[in-house]
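Contents: one structure, followed by commentary.
What follows draws every value from the coordinates through simple rules; no lab data is involved. On a predicted model such as this, the values are computed, not experimentally measured, just so you know. Methodologically, a virtual Cβ is constructed for each residue, glycine included, from the backbone with ideal geometry; neighbour enumeration extends over all protein chains shown.
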Amino acid sequence: MEFAYYPGCTLSTTAKHLDECARLSAEALGITLEEITDWQCCGAVFPLKADEIATKLSAVRVLAQAKAKGQPLVTLCAACHHVMKQVNHQMQNDAEIRDAVKRYDENLDYAGETTVLHYTEMLRQYIGFDAIKEKTLNPMKGRKIGAYYGCLLLRPGDIMQFDDVENPRILEDFIRAVGGTAVIYPMRNECCGGYRALQDTDKAQSLTQRVVDSAVARGVETLVSCCPLCQYQLVSHSGGKLDVCYFTELLAEALGIEIFGEDDDE
């Protein structure tokens, strides 16, 4: 199975493990991720102004490339996924936006034809969690793992259509597939405050602390995230109370993929 792949900026810098584990795990599962060529930053934040077009063009170009390949587009970073899904929805439903895009770039003949999938959706829909369970070599037996969704994967629900906004389960199903114990805790789908970290550090920290305290109170030992910004917030404010990792790191570990420490063996 082949998919177009948009990694986004952070996955080549501070979130390398999110990307590396995703690529190696996909290969182990029989998935080919074809990275979009000459991609640009998606902007990380979806602009809400209807007449804001220029900052959406990089997303449209990525979506159009996937269309040309005839492949669904897989994203990994929650922020990138949010932007791609929102822009795609606009291109599907807003003729004025499409016309404005064409005025900027007459070669962009795109009307939302691409299917945008988060990596976890690809796992669920094209591999299946039962198949992942069968391929798991190192099950996470006895590990109490909490899923942290944050806000960008889920909201707005009518556009993202990722999962139930108030009671999501895809990450818990993934955790169970790799043999872990999925722990449900109240703040798993609440914002970590990452977007406020520069403007109001104290408020961002308090929002993250609510998530961490909620998880710890329910016995979570490891939190898994899908977002580099959320990951940074959780690691910075966990206070050593729990481990924090990307869901792809957990997947790679379960599949028996050796990633870290390889240089030491040479």
Exercise. Too long at a 26 Å Cα-Cα cut-off: which of K141/K241; K16/K203; K203/K241; K133/K241; K49/K69; K141/K203?
Worked result: K16/K203; K133/K241; K49/K69; K141/K203
Exercise. What's the angle, to the nearest 10 degrees (0 to 90), between helix 201-217's Cα axis and the longest principal axis of the chain?
Worked result: 50
Exercise. So for D200, D163, fewest C-beta neighbours within 10 Å to most, what's the order?
Worked result: D200, D163
Problem set entry | Hits among aspartates and glutamates - C-alpha to C-alpha of K135 under 17 Å, sequence gap 8 or more where chains match | E27, D173, E249, E253, E258
Problem set entry | Residue among A50, A100, P228 farthest towards the positive dipole end of the chain, charges placed on Cβ | A50
Seminar exercise, completed: Taking Cα atoms only, helix 16-28 is inclined relative to the longest principal axis of the chain by an angle, in degrees rounded to 10, of 90
Exercise. Size of the dipole of region 96-224 about the Cα centre, Lys and Arg at +1 and Asp and Glu at -1 on the beta carbon, nothing else charged, in debye to 20?
Worked result: 720
Exercise. How far is helix 228-237 tilted off the main Cα axis of the chain, in degrees rounded to 10, range 0 to 90?
Worked result: 40
For this session: Based on other C-beta atoms within 10 Å, arrange I259, I170 from fewest to most.
Result: I259, I170
Exercise. Label points 7 Å out from Cα along the Cβ direction at L137 and I259: separation in nm?
Worked result: 1.5
Seminar exercise, completed: The simple spin-label model distance between D109 and T37, using points 7 Å out along Cα→Cβ, in nm, is 1.9
Seminar exercise, completed: Given a Förster distance of 30 Å, the FRET efficiency implied by the Cβ-Cβ spacing of E27 and A54, rounded to the nearest 0.05, works out to 0.25
For this session: Taking Cα extents along the principal axes in Å as the quantity of interest, determine which of (i) 56, 43, 37; (ii) 64, 40, 36; (iii) 68, 42, 35 was computed from the displayed structure.
Result: (i)
For this session: Sticking with the crude label model, points 7 Å out along Cα→Cβ, report the distance from I159 to S206 in nm, one decimal please.
Result: 2.9
Problem set entry | Charge dipole of the chain about the Cα centre (unit charges at C-beta), most positive-ward option of L255, L207, C21 | L207
Exercise. Working out 0.36 nm times the residue gap between A95 and K241, then minus their Cα-Cα distance, what length gain in nm do you get to one decimal?
Worked result: 47.6 nm
Problem set entry | CD proxy at 222 nm, helix term only [per DSSP H run n ≥ 4: -39500 (n - 2.57); per residue of the chain; nearest 500] | -12000 deg cm²/dmol
